[in-house]
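Visitor: Please find one structure pasted underneath; my questions will follow.
Since every read-out is calculated from the coordinates, none of them should be taken as a lab result. Since the structure is predicted, the reported quantities are computational estimates derived from the model, not experimental observations. Backbone-built Cβ (ideal geometry, glycine too); neighbour counts: all protein chains shown.
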Amino acid sequence: MTTSRPVLPRRERRKLEVEPAGKVPATKLRACIDVMHDWFIQDEEIDDALDAVMGKESALLRQGELDELLPRMRQHLRQLVHIATTRVSGDGGPELAEVVTRAQQLVSTPIPDDFPDARGYARRLALVVGDVLEILAVEQEAAQAEERWLA
């Protein structure tokens, strides 16, 4: 015995009449991207991850928490390195090159299975994240100082 299914009403097909978006000037687009980058840099999730790994209660970190934390920290590091390499003026100097190299090595290294090794890996990630944030802070201070001189 087969049961018949009720026929569902079909949605009326409508054609949306939308004008294509106009071209946005590169300066306006760059300003929007800079604002989004600032939001990411100031995100509390980065601070929470660093605090969990390097803070006062880092000794209480358990394997399950570390398993959740490590992929997020790696993603944060990738994004911060991207922001730093696009923001830092000129060649960025040897500090940026050294931090980018350390970051790339850490991100390409598999996450250790052993808990003590994974904690050490998390601490190394946290140190590199801190170094990238410091480079970004120095760059921001330099940009603000330049704006004051130009004003």
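Visitor: When the helices in the chain are scored as -39500 (n - 2.57) per DSSP H run of 4 or longer and the sum is shared across all residues, what 222 nm value do you end up with, to the nearest 500 deg cm²/dmol?
Guide: For the chain, the value works out to -24000 deg cm²/dmol.
Visitor: Expected output is a single nm value to one decimal: the length gained when fully extending between ALA142 and LEU127, i.e. 0.36 nm times separation in residues minus the C-alpha distance. What is it?
Guide: The span from ALA142 to LEU127 would gain 3.1 nm if fully extended.
Visitor: With all distinct Cα pairs included, what does the Kirkwood hydrodynamic radius of the chain come out to in Å, to one decimal, could you say?
Guide: Mean inverse Cα-Cα distance, inverted, gives 19.0 Å.
Visitor: Determine, for each peptide in 10-22, 98-110, the mean count of other beta carbons within 10 angstrom over its residues, then list the peptides with the highest first.
Guide: Highest-to-lowest ranking by the protection proxy: 98-110, 10-22.
Visitor: Another question, then. Work out how much length ARG30 to LEU60 would gain on full extension: take 0.36 nm times their residue separation and subtract the Cα-Cα distance, in nm to one decimal.
Guide: Answer, rounded to one decimal: 6.6 nm.
Visitor: For ARG14 paired with ASP113, estimate the spin-label separation in nm (one decimal), with each label point 7 Å from Cα along the Cα-to-Cβ line.
Guide: Label-label distance for ARG14 and ASP113, simple model: 5.6 nm.
Visitor: Check the straight Cα-Cα distances from LYS23 and name the aspartates and glutamates below 20 Å, setting aside those fewer than 8 residues away within the same chain.
Guide: List returned: ASP34.
Visitor: With an 8 Å Cα cut-off and a minimum separation of 6 or more residues, compute the relative contact order for the chain in percent.
Guide: Relative CO of the chain lands at 26 percent.
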